[in-house]
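See structure below.
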Amino acid sequence: MKFHVRSRGDHDSNILSQRIRNYLEEFELQPDEEEPDIVISVGGDGTLLEAFHQYTHRLDHTAFVGVHTGHLGFYADWKPDEVEKLVIHIAKTPFKIVEYPLLEVIIRHTNEEPEDRYLALNECTVKTKVGSLVMDVEIKGDLFETFRGDGLCLSTPSGSTAYNKALGGAILHPSLPCIQMAEMASINNRVYRTVGSPLVLPQHHTCLLKPRYHDEFQVTVDHYTLSEPEMKSIQCRVADERVRFARFRPFPFWKRVKESFI
Ligand code: NAD
């Protein structure tokens, strides 16, 4: 089996990553950054997000597991003192795969630039650089509302515990193939009206966000921030691809929610 260990880059994560590499090589597993079967991220959830984005072109062939060197992460759920156990699991047992849904984001432009396609493990957000965001929100081809406010957040079920949660969105179990749209401080008065509640959209219900005015937008996809001066629309839906996590022991989602937040 081929593996890659991705470190957050701080001193503790680098030392732990090297220990994991040494152990895995002692078990005659092969390091291969190009085409790993398993990627072990060492750091926090942000490190796992980076690892995921490094391998979005081969999600069918790469599984992920996260070790946290700070506080318990949502994706990074192995502790540093458990790495020997983890390495033995990786080397000796065929691991179980748990698949989670992803968000597909397609950004189209007002100029000749080709469209850009991204996959998000957590979410995509859109804001303006200055002033309120004014966007038509279409669902399955029909105008649903015109949103005015700070921004919109479209998240995956596993990302529902991240930015989405801070916006009052629901926590969704990642076995549900859906995406959630949450508002950031919508303007609601006699003139402007939005639904005001987070929406959960099933597979194949595409959400299309169309700016009402030419503006410069700030779009985030997980930890990446994009500047979009020529954006015509952002299309979001449940992606065909899924992320695969290697599971070596049961750690049910609701237990993870409880341990992280309660
Ligand atoms: P960061 O260093 O700002 O950390 C963000 C925090 O979010 C960390 O504590 C991380 O453990 C946690 N986190 C990430 N994914 C999570 C998930 N799926 N469930 C629960 N917690 C999660 O940024 P980063 O580490 O580069 O992570 C980027 C993420 O930060 C974005 O995808 C977004 O979800 C999150 N974020 C949250 C807020 C907010 O809650 N107000 C604002 C901006 C970004």
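Read-outs throughout are calculated quantities, based only on the coordinates presented, and are distinct from any laboratory measurement. Note that the structure is predicted; figures quoted are calculated from it, not measured. Virtual Cβ from ideal backbone geometry, glycine too; neighbours counted across all protein chains shown.
Points to keep in mind about this one:
- Each Cα pair under 8 Å and six or more residues apart adds its sequence gap; the mean of these over the residue count of region 1-54 is a relative contact order of 51 percent.
- Phi-derived couplings, Karplus 6.51 cos²θ - 1.76 cosθ + 1.60 at θ = phi - 60°, listed residue by residue for region 217-234: 9, 10, 10, 10, 10, 6, 8, 8, 10, 10, 9, 10, x, 10, 9, 8, 6, 10 Hz, with x used for Gly and Pro.
- Taking only the C-alpha atoms of the chain, Rg followed by Dmax gives 19.8, 68 Å.
- Fully extending the segment from Arg117 to Ile171, taken as 0.36 nm per residue of separation minus the present Cα-Cα distance, adds 16.9 nm.
- Each of Tyr213 and Glu25 was given a label point 7 Å from its Cα along the Cα-to-Cβ line. The distance between the two points is 5.9 nm.
- Look at the alpha carbon pairs under 8 Å that are at least 6 residues apart: their mean separation over the length of region 29-150 gives a relative contact order of 15 percent.
- GluC sites (Glu not before Pro) lying in DSSP loop within region 208-262, provided at most 15 other Cβ fall within 10 Å: Glu216, Glu230
- As a proxy for reagent exposure, ranking Thr220, Thr110, Thr93, Thr125 by other Cβ atoms within 10 Å from fewest up yields Thr93, Thr110, Thr220, Thr125.
- Loop-located chymotrypsin sites (Phe, Trp or Tyr not before Pro) in region 179-260, at most 13 other Cβ atoms within 10 Å (DSSP): Tyr213
- Taking the fewest neighbouring Cβ atoms within 10 Å as the starting point, the ordered list for Leu176, Leu48, Leu143 is Leu143, Leu176, Leu48.
- Pairs of lysines in the chain (C-alpha under 15 Å apart; 8 or more residues apart or interchain): 6
- Relative protection proxy for 97-109, 149-161, 199-211, from highest mean packing down: 149-161, 97-109, 199-211 (other beta-carbon atoms within 10 angstrom).
- Length-normalised contact order of the chain in % [C-alpha pairs under 8 Å, at least 6 apart]: 20
- Placing R0 at 30 angstrom, the Cβ-Cβ distance between Ile88 and Phe261 gives a FRET efficiency of 0.45 after rounding to 0.05.
- Per-selection Kirkwood Rh - region 1-63 (Cα, Å, 1 d.p.): 11.7
- Annotation: amide H-H contacts under 5 Å for Arg6 (H modelled 1.01 Å from N, sequence separation of 5 or more, or interchain): Ile40, Ser41, Val42.
- Loop sites in region 140-205: trypsin sites (Lys or Arg not before Pro), DSSP, at most 15 other Cβ within 10 Å: Lys140, Arg190, Arg193
- Between Asp240 and Lys129, the modelled label-to-label distance comes to 3.5 nm, taking each label 7 Å out from Cα in the direction of the beta carbon.
- Hydrodynamic radius of region 102-240 per Kirkwood, over alpha carbon pairs, in Å: 14.8
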